[in-house]
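Each remark here refers to the structure printed beneath this line.
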Amino acid sequence: MHASSRARYALSLLFCLLILPVLLGFQDSSATLTVSKAELEKHLRFLASDELKGRKTGTDGDHVAARYIAEHFRAHGLSPAARFNDFFQPVPLERVQPPARQEVKILGTRLRPDEDFIVMRAQSCQIKGEMKDPEATNLLGAIATIGVDSPDTLFESFSGISETLAKRGAKAIIALYSSGGWDGLKGFLGKSRISLKEEDAVNRLPFLLVRDSNGALLSKLRAPGDHSASITLSEPRVESVASANVIGVLRGRDPVLKDEWLALTAHFDHIGAGRDLPGATPEDSIFNGARDNGMGVTALLAAATTLSANPPARSVVFIGFTGEEAGLLGSSYYVQHPAVPLRNTVFVLNNDGAGYTDTSIVTVLGLDRTTAKPEIESGCRQFGLEAFAGGPDLQMFFNASDNRNFAEKGIPAPTFCPGVRTFGEEILKYYHRPADEADEGFDFAYLQRFCEAYALAARLIANRTERPAWTPGDKFEKAAVELYK
Ligand SMILES: [Zn+2]
């Protein structure tokens, strides 16, 4: 064989073995397409800039962040979801001011607003009635009264029971709260706040949270005697708030697996700016949210860049959520109005965090709770990172981000977080503080490895043959059986 034809042969062999598969998109599933540090730094510096003023839900900063994400999706060839106009899913929100007039009397004692009770939902009313257990046979004209011993059960009962009790004739609901953290609840619930517009306003019973530290009220109600209460509230001021989730889709390349969807999610809202926010100083009152959750959004954008360049087997829906800091509102709306059916959404890899203290790891809340652990670990390992499941103190944060709304529907949904070993002092320096900025104190080299690990873990999950699932025995397994039956 002639020397030059041997060289040509070698070249064409090289082309077939290495370059052609890349061009045709048949890369090995573990192949990594990287994103430059400069591109990632640009995303983060923009999202966490002072000009976006902390991206509070419903503000211009929130809208501009949403626009930035949408245009990134467009630039990388993602499509809007079917039936959607462009990349935006408007989320109907409202801001409710507490009623100006709040008078509450229980068993003859007048209670003080904020100190003794918080109005969680109001309408103009003047009610006098018996406080009754919701199990009572006749609730007509009564004030249904429940005992609540943790914030979790509070939110469950708040969203769950109103309609049933309204139908049975109850006029209001009182939750007697015997757990701690009253001041925190007061700060969060007692002020004007944003919530999802309730679709069924007819069943909006006034809902009061009453402090019952030692359970004294609850035991009085369980004994015979006076159970009377009166509630007078003026109409609260309600105004609409405009905000939207951002959704882009990428169809998978496998003819069968493309009907299964992986959802990649990160919230882009943060807590805003203002001298009145805890931690604000005269020098700095903008809560930039670089770590929370500029990093997560940057990872989402990185995944859109790399996955769109070489689509995986399964389809992927990329979602930027609004309203997370206001109570997981964007994701809560999404699971009620999904862009792709939830029963076809086989996995969610959420991205959220408070900050990092260890740049050799990624903390993955729920790592041990799904069968996608090997893919997540391997995605991290390729960038020199260890996937860390977190100790017992971190496990409660599984419920603190948008993944929770998916998990409750049955979808396996861990959260990828910047590396923390424990939620301590070091994290609190940045968590919901003006110091959470994309400045010289920020580790952009870690940002790159973090984002690439996320994008690769996503690719590996979207390519694996077997559908990922909850680890057998997980508390959400029952919901999964119901959803995917
Ligand atoms: Zn967050």
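The values are calculated or read from the model by the stated rules, or taken from the named source; none is laboratory data. Fair warning: this is a prediction, and the values are worked out from it, not measured in the lab. Cβ sites come from the backbone with ideal geometry, for glycine too, and all protein chains shown count toward neighbours. Protein only, heavy atoms only, side chains kept; ligands, DNA and RNA dropped before computing areas. Shrake-Rupley method; radii C 1.70, N 1.55, O 1.52, S 1.80 Å.
Summary of computed values
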item: Dipole magnitude of the chain about its Cα centre (Cβ charges: Lys, Arg +1; Asp, Glu -1), debye to nearest 20; result: 1140 debye
item: Cα gyration tensor shape for the range 96-239, rounded if a/c is under 1.5, else prolate or oblate; result: rounded
item: Residue-averaged 222 nm ellipticity for the chain, from DSSP H runs of 4+ at -39500 (n - 2.57), nearest 500; result: -9000 deg cm²/dmol
item: Three-way shape label, the range 212-298, alpha-carbon gyration tensor, a/c 1.5; result: oblate
item: Surface accessible to a 1.4 Å probe, per residue, for the residues of the chain, Å²; result: 44 Å²
item: Given Lys373/Lys475; Lys373/Lys409; Lys56/Lys478; Lys429/Lys475, the pairs whose alpha carbons are separated by over 24 Å; result: Lys56/Lys478; Lys429/Lys475
item: Nearest-20 debye value, the range 96-239 charge dipole, Cβ charges on Lys, Arg, Asp, Glu; result: 400 debye
item: Contour minus Cα-Cα distance for Gln395 and Arg110 (0.36 nm per residue); result: 98.6 nm
item: The range 96-239, accessible surface, carbon-and-sulfur percent (1.4 angstrom probe); result: 49 percent
item: Rounded Å value of the spacing that divides the Cα centres of the range 233-286 and the range 414-477; result: 17 Å
item: FRET efficiency estimate (nearest 0.05) - Cβ-Cβ, Arg275 to Gln336, R0 35 angstrom; result: 0.45
item: Nearest-ten-degree value, helix 37-47 long axis tilted from longest Cα axis of the chain; result: 20 degrees
item: Volume of the Cα convex hull of the chain, divided per residue and given in Å³; result: 170 Å³
item: FRET E, pair Ala445, Asp259, Förster distance 45 Å, beta-carbon r, rounded to 0.05; result: 0.70
item: Förster-model FRET efficiency, 35 Å R0, Glu163 and Glu466, C-beta, rounded to 0.05; result: 0.30
item: Nearest-ten-degree value, helix 60-75 long axis tilted from longest Cα axis of the chain; result: 30 degrees
item: Residues whose placed amide H lies under 5 Å from that of Arg464, excluding near-sequence neighbours; result: none
item: Relative contact order, percent, the chain [alpha-carbon distance under 8 Å, six or more residues apart]; result: 20 percent
item: Helix 3-14 axis, angle to the chain major axis (alpha carbon atoms, nearest 10°); result: 10 degrees
